[in-house]
Number of protein chains: 2
Amino acid sequence: MNNGRFSISMHILTLLEKSPNEVVSSELLAGSININPVLVRKEIINLRKHGLVESREGKSGGSYLAKPAKEILLSEVYEAVRQNPVLGQNKNKPNPKCPVGKQIDKHLDNLSIEVEEAMLKKLGKTTLADFSKKFN
Amino acid sequence: MNNGRFSISMHILTLLEKSPNEVVSSELLAGSININPVLVRKEIINLRKHGLVESREGKSGGSYLAKPAKEILLSEVYEAVRQNPVLGQNKNKPNPKCPVGKQIDKHLDNLSIEVEEAMLKKLGKTTLADFSKKFN
DNA sequence: CTAAACTGTAACAAATTTTATTACAATAAA
DNA sequence: TTTATTGTAATAAAATTTGTTACAGTTTAG
């Protein structure tokens, strides 16, 4: 669940990267992403918690990158927004009386972890700076 | 969106693998997964469309694997249930007047494709038979 | 030193998506 | 020819995500 958060975070981070030495307001970010400023602020709280951005309150407040874009790996962004295993998970508990039902969650979790490792390895090869460079 | 389908499909396929030379009803599958039989049937329709299972209608009907478990790659299962890019996607159109907003969807899509390739490569190394062997 | 422009946060509402339920025609075996 | 089962549609309920409103707290600019 909760898809779309990676996109939103990447959008925020890219905009911040494009505004060095500036403090960007949630309103401005929301205008580019086209979502509600409150959602932006919530997402920023999360990014801050993971050490990717910093914010300043009060008038002419806003956010900025907590470290150089070259040092922000996209795998860090993924990990910051990650909530569930990539391969999903059962919401209902499978039947424990069934030999398959009894164990499937564990095996699917293991599989998900392996797949996630492969993803993170791939994402870890790109930095925010690399990503940002793609924009003309 | 729609997570949980990979788990459900894997559960179905594992149960079918564990019942060779048998035809398994949606009711029985639903009982192990602990979801509604109609959902199982819908998921089976999808798996059938992708050539992974076959079904028989009428009394003592049900489903069975369309080919040996050794020939079913978990990447095929993923592709069968795949609906959206792994990294998610924006629901709102970003602001086209913003240089970042204008291009971000394209760049995120490209990134998602690369990441998905890494995932599929990993998943392609395991067959349904391998997965099923993990169950005692 | 006060008004203005922000962030942080909570509470709630709306929209969307997922999951469940009910119902029944069609099919095929017993 | 009755019974168990799939296929499928329609609808309802539940869960999740997204949006909105409101406002206290903070900081800076004038």
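Of the numbered criteria (1) buried (at least 19 other Cβ atoms within 10 Å of the Cβ); (2) within 12 Å of chain A (Cβ to nearest Cβ), the one B:GLU43 fails is (2).
Residues in region B:70-117 that are within 23 Å of B:LYS49 (Cβ to Cβ) and in contact with an Asp or Glu (Cβ under 7 Å, 6 or more places away or on another chain): B:PRO85, B:VAL86. Screening A:LEU52 with (1) at pLDDT 95 or above; (2) surrounded by fewer than 16 Cβ atoms within 10 Å (Cβ to Cβ) gives one miss only, at (2). Of all the numbered requirements in (1) closer than 23 Å to A:LYS133 by Cα; (2) surrounded by 16 or more Cβ atoms within 10 Å (Cβ to Cβ); (3) of a type in the set (A, V, I, L, M), B:ILE113 misses one, and that requirement is (2).
Checking each residue in region A:96-115 for being without any contact (Cβ under 8 Å) to a residue 12 or more places away in the chain and more than 25 Å from B:SER19 (Cα to Cα) picks out only A:GLU114. Provide a single number: the residues in region A:62-105 that are among the basic types (Lys, Arg) and touching a Gly at 6+ places or on another chain (Cβ under 7 Å). Total meeting the criteria: 1. Filtering region A:1-22 to residues that are among the acidic types (Asp, Glu), away from DNA strand D (no atom under 16 Å from the Cβ) and more than 10 Å from chain B (Cβ to nearest Cβ) leaves nothing.
Taking (1) within 13 Å of DNA strand C (Cβ to nearest atom); (2) touching a strand residue (DSSP E or B) at 6+ places or on another chain (Cβ under 8 Å); (3) not β-branched (Val, Ile, Thr) in turn, B:LEU52 satisfies each apart from (1).
Residue-wise test of (1) away from DNA strand C (no atom under 12 Å from the Cβ); (2) in contact (Cβ under 8 Å) with a residue 60 or more places away in the chain; (3) of a type in the set (Val, Ile, Thr).
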{"position": "A:GLY4", "(1), (2), (3)": "no, no, no"}
{"position": "A:SER32", "(1), (2), (3)": "yes, no, no"}
{"position": "A:VAL40", "(1), (2), (3)": "no, no, yes"}
{"position": "A:TYR78", "(1), (2), (3)": "yes, yes, no"}
{"position": "A:PRO94", "(1), (2), (3)": "no, no, no"}
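Residue count for region B:6-30 satisfying the condition of being out of contact with any Pro (no Cβ under 8 Å at 6 or more places or on another chain), over 22 Å from B:VAL86 (Cα atoms) and in contact (Cβ under 8 Å) with a residue 60 or more places away in the chain: 3.
In the set (1) surrounded by fewer than 15 Cβ atoms within 10 Å (Cβ to Cβ); (2) more than 16 Å from DNA strand C (Cβ to nearest atom); (3) within 14 Å of chain B (Cβ to nearest Cβ); (4) within 17 Å of the chain's Cα centre (by Cα), the condition left unmet by A:LYS134 is number (4). Taken over region A:78-119, the criterion of being β-branched (Val, Ile, Thr) and more than 10 Å from chain B (Cβ to nearest Cβ) is satisfied by A:ILE113 alone. Considering each residue of region A:23-33 in turn, at least one proves to be under 24 Å from B:ASN92 (Cα atoms), within 15 Å of DNA strand D (Cβ to nearest atom) and in contact with a Cys (Cβ under 8 Å, 6 or more places away or on another chain).
The values are calculated or read from the model by the stated rules, or taken from the named source; none is laboratory data. Just so it is clear, the model here is predicted, and its values are computed rather than measured. Heads up, the Cβs are rebuilt from the backbone with ideal geometry, glycines too, and the neighbour counts pull from every protein chain shown.
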